[in-house]
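Comments concern the structure below.
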Amino acid sequence: NLTERIRGNSYITYEVMGLNLGWVRLAIFPILDDENDKFTNVIFAVSNINEQKCNEENLKKLSYTDGLTGLFNRYSFEIDLRKFEVNLKFGVIISVDVNNLKFFNDTYGHNVGDDLIKRTSLASYISLSATSIKSWILKSV
């Protein structure tokens, strides 16, 4: 009940996805009659927060993924382990090392080294996708 929720608060807010505007924040401000403690009016304020919500989603994605490869990072892995209470006795962790990466970076530049890392990630993705092994790290590719 809105009356019960708003009592004792100077205002309440809701964030909802609007049909035409995208994300909006609704703020509800009660106007009380001091004599009998009843609501006489309510003021509604609507703010477009679509850009803010998009920025929040981008930041969340950045915190869970590697910026270079787009693969899920260690933080995401640790969150998934806790969320699903994964028993590692029955899991598989695959680690890939790119040999001579320092040589490629020093000789051909970091752009070439970055491209090598991206190609290695893609090759790993393609190889694992062709098998029955499905890895949490491949969700973002």
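Mind listing the Cα extents of the range 1-122 along all three principal axes, in Å, largest one first?
Taking the Cα atoms of the range 1-122, the three principal extents are 80, 39, 24 Å.
So for the range 30-86, if I pair up every lysine 8 or more residues apart or on another chain, how many of those pairs have alpha-carbons under 25 Å apart?
Values: Lys53/Lys61; Lys53/Lys83; Lys60/Lys83; Lys61/Lys83.
Taking the Cα cut-off of 25 Å, the pair count is 4.
What FRET efficiency comes out for Asp33 versus Glu56 if R0 is 41 angstrom and r is the Cβ-Cβ distance? Round to the nearest 0.05.
Numbers: r = 39 Å, r/R0 = 0.94.
With R0 = 41 Å, the Cβ-Cβ based efficiency is 0.60.
Each label point is 7 Å from the Cα along the Cα-to-Cβ direction; what then is the distance between the points at Tyr14 and Phe44, in nm?
Between Tyr14 and Phe44, the label points sit 0.9 nm apart.
Provide the per residue accessible area, probe 1.4 Å, for the range 14-67, rounded to a whole number of square angstrom. Working shown, then result.
Working: 4230 Å² over 54 residues.
Per-residue accessible area for the range 14-67 comes out at 78 Å².
At 1.4 Å probe size, with the rest of the protein present, what percent of the exposed accessible area of the range 1-90 is carbon and sulfur atoms? Mind showing how you got there, number by number?
Values: 3770 of 7160 Å².
Exposed carbon and sulfur together represent 53 percent of the surface.
State the extension gain, in nm to one decimal, for the chain segment bounded by Glu78 and Asn99, taking 0.36 nm per residue of separation less the distance between their alpha-carbons. Can you show the working numbers first?
Numbers: separation 21, 0.36 × 21 = 7.56 nm, distance 2.63 nm.
So the chain would gain 4.9 nm between Glu78 and Asn99.
The values are calculated or read from the model by the stated rules, or taken from the named source; none is laboratory data. Worth saying up front: this structure is predicted, and the values here are computed from it rather than measured. Heads up, the Cβs are rebuilt from the backbone with ideal geometry, glycines too, and the neighbour counts pull from every protein chain shown. Just so you know, the surface numbers come from the protein's heavy atoms only, side chains and all, with ligands and any DNA or RNA stripped out. Shrake-Rupley method; radii C 1.70, N 1.55, O 1.52, S 1.80 Å.
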